[in-house]
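The values are calculated or read from the model by the stated rules, or taken from the named source; none is laboratory data. Small disclaimer: the values here were computed from a predicted structure and weren't measured. Here the Cβ is made from the backbone with ideal geometry for all residues, glycine too, and neighbour counts use every protein chain on show.
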Amino acid sequence: MRSARVKRVTREVDIEVSLMIDGKGESKVETGVAFLNHMLATLAKHAYWSLEVQASGDLVHHVVEDVGLVLGESLRKALGEKRGIRRFGYALIPMDDSLARASVDLGGRPYVLLDLKLSGVDVEGLKTEDIKHFFFSFGQSLQANIHLSILYGDNDHHKVESAVKALAVAIREASAIDERIKGERPSVKGIL
């Protein structure tokens, strides 16, 4: 079973994440930040994870950042040695006026490139800089290559939601087991 449970307790936050990759898109999320809860539930739904997140902290910024770190670490641990995974995934996902593109490589090289084209200072009360920081923290901790961009759109909520859905579908594809690989690591180097 590809799953992991990670707990992080600091002077700033108390976070616990339980993640099962091959789930049913179910989630139980409570971070104290409504739009972050929405992002995490959306990610779980479209990646088909089973996800539980319990988080609290002193500042919204610290909660958002550390949830990204713990979620990325949970997924990295759940992937284990990454034997048999497809490794690469991509998606093009619409949400009303917005169109998002995500490309993911689970090859162990952390790099995140974002172009979310957010025009406001916040989305549903969550600062846009914290939304971006969540994606950076998640990608760095996951040790993945993530390119996430909005091709066009007007509504910032729709932009973020389409980006989260695109990321979820790309990760679902990249983490899927491919029977043709037969337990090998998908790399000419033999390691990831």
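I'm trying to understand the selection: among the residues of region 102-118, which are over 13 Å from Ser175 (Cα atoms) and of a type outside the set (Lys, Arg)? Talk me through it step by step, then tell me what you get.
Of the residues in region 102-118, the ones over 13 Å from Ser175 (Cα atoms) are 102, 109-118.
Result: Ala102, Pro110, Tyr111, Val112, Leu113, Leu114, Asp115, Leu116, Leu118.
Filtering region 128-158 to residues that are polar (S, T, N, Q), farther than 15 Å from Pro94 by Cβ and in a strand (DSSP E or B) leaves only Asn145. Only one entry in Val64, Val70 is under 18 Å from Val17 (Cβ atoms), outside any loop (DSSP other than H, G, I, E, B) and either aromatic (Phe, Trp, Tyr) or out of contact with any helix residue (DSSP H, G or I) (no Cβ under 6 Å at 6 or more places or on another chain) (or both), namely Val70. The residues of region 166-192 that are charged (D, E, K, R) and either loosely packed, with under 15 Cβ neighbours inside 10 Å or more than 25 Å from Met1 (Cβ to Cβ) (or both), listed by number, are Asp178, Glu179, Arg180, Lys182, Glu184, Lys189. Against the conditions (1) at pLDDT below 95; (2) over 16 Å from Asp105 (Cα atoms); (3) among the hydroxyl-bearing types (Ser, Thr, Tyr), Ser162 satisfies every one except (1). The set of residues from region 90-124 being more than 16 Å from the chain's Cα centre (by Cα) and either outside any loop (DSSP other than H, G, I, E, B) or free of Cβ contacts under 8 Å to residues at least 40 places away in the same chain (or both) comprises Pro94, Met95, Ser98, Leu99, Ser119, Gly120, Val121, Asp122, Val123.
Which is of a type in the set (Lys, Arg) and surrounded by fewer than 16 Cβ atoms within 10 Å (Cβ to Cβ), of Arg109, Arg76, Arg87? Steps first, answer last, please.
Working: Arg76 fails: surrounded by fewer than 16 Cβ atoms within 10 Å (Cβ to Cβ); Arg87 fails: surrounded by fewer than 16 Cβ atoms within 10 Å (Cβ to Cβ).
Selected residue: Arg109, the only one of Arg109, Arg76, Arg87 that is of a type in the set (Lys, Arg) and surrounded by fewer than 16 Cβ atoms within 10 Å (Cβ to Cβ).
Which one is farthest from Gly72 (Cα to Cα) among residues in region 20-60 that are small (Gly, Ala, Ser) and in a helix (DSSP H, G or I)? Ranking the candidates gives Ala34 first.
Of everything in region 44-61, what is surrounded by fewer than 23 Cβ atoms within 10 Å (Cβ to Cβ) and either at pLDDT below 95 or farther than 16 Å from Val6 by Cβ (or both)? Give them in sequence order.
Our first condition is that a residue be surrounded by fewer than 23 Cβ atoms within 10 Å (Cβ to Cβ); within region 44-61, this holds for 45-46, 48, 50, 52, 54, 56-61.
Within region 44-61, Lys45, His46, Tyr48, Asp58, Leu59, Val60, His61 qualify.
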